[in-house]
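Here is the structure we will look at, set down as C-alpha cells.
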Amino acid sequence: MRARLKQVFQLFGLLAALPFFILYRLSGKNNFFFVGIGQMLSLIPDKVGSFVRVGFYRMTLKRCPATAYIGFGSYFSKTETEVGEGVYISAHCLIGNVILKEHVGLSPGVQILSGKHQHSISEIGKPFLQQKGGGFQQIVIGENSWIGQNAIVMANIGRQNMIGAGSVVVRDSGDYEVLGGNPAKVIKRLDVPIT
C-alpha cells in the first residue's frame, strides 16, 4: 500500500511539473528559464515539493530517477547533471554540472560548483563581469558519499567519502576517505570493504 501511495505522489509530481516543463521547452531550452523555474519550484515545502521538483528534473536533467529526494530551496543550474538512484539532497543546496552517483547524501547548504575555474581575470582595469575566460567542468560525486552541511565542492569526490561540515574541496579525493577543513584534507582513510 505504501509503495502504491508513493507511486501516486510521483505521478502527481510529474503532472504538477508538466506545465513548467512545457514552458521550459517553449523557451528553446533556455538555461535562464531552467534555473528560474528550478528556483521557483524550490520554494514548495516538504515532501510534496520534493515530488514536484523531482518531477520537473526527471524531464529536464540528463538523469534523475523517481527515487531521488530534493529538499526545500535546492535547485540545479545545469541540465547536464545526472542524479543516481536513492540520492538525498537536503535543503538549500545549489548544484552545478555534477554526476551524483547512487545513494549520495547532501546536507543542508551544500554547494557543488561546476569546477574551480569558472571565472578568470585576464585584463587589468576591465570590469570583472565583462571579462571572458574560465570554463565549466563536470564534477563526479562517488556512490554512498555524504557531504556535510555548508560544504563547498569544486573537485571530484571518490566512492563512499564523508566530507566534514563547512569543508572546501578543491582537489580530487580517493575512495573511502574522510575529508575536512579549508582546503579539505584527508583526515582518515576508511577500511576498504572485502568483496
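Can you tell me which of Gly28, Gly13, Gly36 is small (Gly, Ala, Ser) and loosely packed, with under 13 Cβ neighbours inside 10 Å?
Working: Gly13 fails: loosely packed, with under 13 Cβ neighbours inside 10 Å; Gly36 fails: loosely packed, with under 13 Cβ neighbours inside 10 Å.
Testing whether each residue is small (Gly, Ala, Ser) and loosely packed, with under 13 Cβ neighbours inside 10 Å leaves just Gly28.
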A careful count of residues in segment 71-91 that are without any contact (Cβ under 8 Å) to a residue 24 or more places away in the chain and not in a loop (DSSP other than H, G, I, E, B) gives 3
Counting only residues that are under 11 Å from Ala17 (Cβ atoms) and either surrounded by 21 or more Cβ atoms within 10 Å (Cβ to Cβ) or touching a residue at least 40 places away in the same chain (Cβ under 8 Å) (or both), segment 42-54 contains a total of 4
Check: Quick check, is Gln118 modelled with pLDDT of 95 or more, part of a loop (DSSP other than H, G, I, E, B) and not aromatic (Phe, Trp, Tyr)?
Finding: no
In segment 146-190, anything farther than 20 Å from Glu102 by Cα and in contact with an Asp or Glu (Cβ under 9 Å, 6 or more places away or on another chain) is listed as Val186, Ile187, Lys188, Arg189
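Based on this model, can you work out whether Asn161 counts as touching a His at 6+ places or on another chain (Cβ under 6 Å) and under 23 Å from Thr67 (Cβ atoms)?
Considered against the rule, which asks whether it is touching a His at 6+ places or on another chain (Cβ under 6 Å) and under 23 Å from Thr67 (Cβ atoms), Asn161 comes out as no.
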Quick count over segment 1-54, residues being farther than 21 Å from Ser77 by Cβ and charged (D, E, K, R), is 5
Filter segment 125-159 for residues that are hydrophobic (A, V, I, L, M, F, W, C) and assigned to a loop (DSSP other than H, G, I, E, B); the one that is nearest to Val110 (Cα to Cα) is Ala151
Within segment 127-182, of all residues that are aromatic (Phe, Trp, Tyr) and touching a residue at least 12 places away in the same chain (Cβ under 8 Å), the one surrounded by the fewest Cβ atoms within 10 Å (Cβ to Cβ) is Phe136
(1) without any contact (Cβ under 8 Å) to a residue 40 or more places away in the chain; (2) in contact with a helix residue (DSSP H, G or I) (Cβ under 9 Å, 6 or more places away or on another chain); (3) assigned to a helix (DSSP H, G or I) all hold for Pro65 apart from (3)
Per the filter on segment 2-11, residues among the hydrophobic types (A, V, I, L, M, F, W, C) and either touching a residue at least 40 places away in the same chain (Cβ under 8 Å) or not in a helix (DSSP H, G or I) (or both) are Phe9
Tyr57 vs (1) at pLDDT below 95; (2) in contact with a Phe, Trp or Tyr (Cβ under 8 Å, 6 or more places away or on another chain): all pass except (1)
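With the requirement that a residue be among the charged types (D, E, K, R) and not in a loop (DSSP other than H, G, I, E, B), what does segment 20-39 give you? Don't jump to the end; show me each part of the working.
Going residue by residue through segment 20-39, those that are among the charged types (D, E, K, R) are 25, 29.
Passing the criteria: only Arg25.
The values are calculated or read from the model by the stated rules, or taken from the named source; none is laboratory data. Being a predicted model, the structure only gives us computed values, none of them experimental. Quick reminder, even Gly has a Cβ in these numbers, built from the backbone with ideal geometry, and neighbours come from all protein chains shown.
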